[in-house]
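Trainee: This is the structure, below, for whatever I ask next.
The values are calculated or read from the model by the stated rules, or taken from the named source; none is laboratory data. Computed from a prediction, not measured in an experiment: that's the story for all the values here. For neighbour counting, all protein chains shown are included, and Cβ atoms are generated from backbone atoms with ideal geometry for every residue, glycine included. The area values use the complete protein model at the heavy-atom level, side chains included, leaving out ligands, DNA and RNA. Shrake-Rupley method; radii C 1.70, N 1.55, O 1.52, S 1.80 Å.
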Amino acid sequence: MSDQARIFSTLKELSEACGVSGFEEEVRQLIREKMEEFSDEVSVDKLGNVIAKIKGKDEGFKVMLAAHMDEIGLMVKHIEKNGFLRFVPVGGVNPVMLVGQRVLVITRKGKIRGVVGTRPPHLLTPEEAKKAPEIKNLFIDIGAKSKEEAEKMGVRIGDVVTLERDLVRLGNGSIVTGKAFDDRIGVAIMIEAMRALSEERPLATTYAVATVQEEVGCRGAQVSAFKIHPSMAIVLDITAANDVAGVEERDYIVRLGAGPAIKVMDVISGSFLGLIAHPKVRDLLIKTAEEEGIPYQLEILVGGSTDAATIHLVREGIPSGVVSIPTRYAHSPTEVLSLDDAVNAVKLVTKAIRRVRPEDLSYQ
Ligand code: CO
Ligand code: ZN
């Protein structure tokens with residue numbers, strides 16, 4: 001199987017699985033099985049992070065890879081008398097992208113289908129038609145006639161809801177579209193990088209963590225970094241490819257298909273939370289890309305961050321960098337990315353881990 005075909009099938013399987021923040025069970029089992037094929041050890045910690053280990057020649061020199069397994073979603077907060085479900089968002093949900101979507105409600109009796117209802121244009125006043133929807137006015141229709149019927153189907157307060165969407169190709173090449181590429185593409189890349197490292201062992205011992213609860217504040221990353229206590233961390237996550245119709249080139253951030261992005265800095269708008277990538281880690285990644293002939297872009301993102309924002313502040317500080325996959329329309333059911341960028345990200349991460357030496361990370 002080609003590298004691209006392997007990433008395609010892993011991403012398809014992972015992105016179609018459910019794993020709303022805090023409720024990652026389905027996707028966690030899939031990741032665990034895949035990691036067990038080639039890792040020396042796989043464990044699940046108390047918050048649900050999957051931690052896989054590939055021993056290197058030096059077991060004391062530890063490198064951590066992290067990619068979050070959770071995805072944004074919804075949570076049922078009220079069942080109406082007539083069977084409709086009201087909900088709250090889990091993570092950064094844009095209500096505009098919810099209207100008219102098919103969803104899956106994860107109940108204790110299994111997954112049930114629903115749709116996010118909308119009023120037909122015929123019934124809207126001109127003023128109403130102009131307004132963006134608000135989450136508090138939206139509801140899920142599961143085809144139940146009453147609260148009792150909804151409960152009999154298994155629904156209860158606190159059930160989480162994901163978008164229902166298959167991964168498919170666009171065009172004839174390497175572009176794909178689907179849901180939860182944020183961050184199942186990072187997990188897929190991490191799995192392929194660990195497979196490659198298991199076949200040709202580097203100096204560093206590598207821990208790959210599929211983290212929980214990134215979308216609600218990088219919670220799984222914090223505890224797993226504390227436990228592993230690595231010398232360096234590389235996070236794999238998506239970043240905004242804003243290279244679309246109507247946007248000026250200076251606002252692209254990164255371009256789809258122009259190579260994985262090496263993060264320089266990110267920041268969550270209006271706060272000081274984010275990451276200044278550790279210059280030694282950033283330069284290791286840049287040097288690796290240049291010397292190995294791997295295409296790359298440099299990324300500065302104002303408006304969001306990744307697990308590295310918490311990892312670098314754990315214990316006495318962990319030198320951290322990020323390899324980002326350019327992705328359009330993040331946090332929607334129609335995310336778009338290029339599998340070529342993903343294949344190049346696997347190469348970049350694998351080769352950087354094979355090169356790194358403890359002295360590369362020190363300021364002394
Ligand atoms: Co996200
Ligand atoms: Zn993400």
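Trainee: Take the alpha carbon atoms of region 106-136, find their center, do the same for region 1-36, and report the distance between the two centers in whole angstrom.
Mentor: 29 Å
Trainee: I want the local charge near ALA330. Using Cβ-Cβ distances under 12 Å, sum +1 for each Lys or Arg and -1 for each Asp or Glu among the other residues.
Mentor: In short, -4.
Trainee: Write down the percent of antiparallel bridges among all DSSP beta bridges whose residues are both part of the chain, to the nearest 5.
Mentor: 65 percent
Trainee: Working from the pairwise distances between different alpha carbons, so that the mean of 1/r is found and then inverted, what is the chain's Kirkwood radius in Å?
Mentor: 21.1 Å
Trainee: A further question follows. Sticking with the crude label model, points 7 Å out along Cα→Cβ, report the distance from GLN4 to ILE135 in nm, one decimal please.
Mentor: Roughly 3.8 nm, to one decimal.
Trainee: Give me the extension gain from HIS78 to GLU149: residue separation times 0.36 nm, minus the current Cα-Cα distance, reported in nm with one decimal.
Mentor: Gain on extension, HIS78 to GLU149, equals 24.2 nm.
Trainee: So what's the angle, to the nearest 10 degrees on a 0 to 90 scale, between helix 25-36 and the longest Cα principal axis of the chain?
Mentor: 30 degrees
Trainee: Right, next: Quick one: what are the phi-derived ³J(HN,Hα) couplings along region 77-84, Karplus 6.51/-1.76/1.60 with θ = phi - 60°, whole Hz, x for glycine and proline?
Mentor: Whole-Hz 3J(HN,Hα) from phi for region 77-84: 10, 7, 10, 6, 3, 8, x, 7.
Trainee: For GLU199 and LEU123, FRET efficiency with R0 = 56 Å and r from the beta-carbon atoms, rounded to 0.05?
Mentor: Working from the Cβ atoms, E equals 0.40.
Trainee: Set Lys and Arg Cβ to +1 and Asp and Glu Cβ to -1, take the dipole of region 73-163 about its Cα centre, and tell me which of VAL116, MET153, GLY100 lies farthest positive.
Mentor: Projecting each Cα onto the dipole axis, the largest value belongs to MET153.
Trainee: Relative to the first principal axis of the alpha-carbon coordinates of the chain, what is the inclination of helix 3-16, with its axis defined by its Cα atoms, in degrees from 0 to 90 and to the nearest 10?
Mentor: Value to nearest ten degrees: 40.
Trainee: For VAL264, VAL20, write out the residues from largest to smallest accessible area, computed with a 1.4 angstrom probe and no ligands counted.
Mentor: VAL264, VAL20
Trainee: Please report, largest first and rounded to whole Å, the three semi-axes of the ellipsoid equivalent to region 38-192, where each semi-axis is the square root of five times an eigenvalue of the C-alpha gyration tensor.
Mentor: Taking √(5λ) for each eigenvalue gives 38, 21, 14 Å, largest first.
Trainee: Whole angstrom only: what separates the Cα centroid of region 53-70 from the Cα centroid of region 155-230?
Mentor: 14 Å
Trainee: Still on this structure: Under a plain spin-label model, where a point goes 7 Å from the Cα along Cα-to-Cβ, how far apart in nm are GLU249 and SER362?
Mentor: Rounded to a tenth, the inter-label distance reads 4.5 nm.
Trainee: Compute the length gained on full extension between ARG315 and HIS229: take 0.36 nm times their separation in residues and subtract their Cα-Cα distance, giving the result in nm to one decimal.
Mentor: So the extension gain works out to 30.2 nm.
Trainee: Separate question: As I understand it, the value is the acute angle between the Cα axis of helix 339-355 and the longest principal axis of the Cα atoms of the chain; what does it come to in degrees, rounded to 10?
Mentor: Taking Cα atoms only, the helix is inclined about 40 degrees.
Trainee: How do MET97, MET1, MET232 stack up against each other in accessible area, from largest to smallest, with a 1.4 angstrom probe?
Mentor: MET1, MET97, MET232
Trainee: Shifting gears a bit: With a 1.4 Å probe and all protein chains left in place, how much of the accessible area of region 73-163 comes from carbon and sulfur atoms, in whole percent?
Mentor: C and S atoms contribute 56 percent here.
Trainee: Rounded to the nearest 10 Å², what accessible area does PHE23 have for a 1.4 Å probe in the complete protein model?
Mentor: Rounded to the nearest 10, the figure is 100 Å².
Trainee: Here's something else I'd like to know. Are there GluC sites (Glu not before Pro) in region 287-364 that DSSP puts in a loop and that have at most 13 other Cβ atoms within 10 Å, and which ones?
Mentor: GLU316
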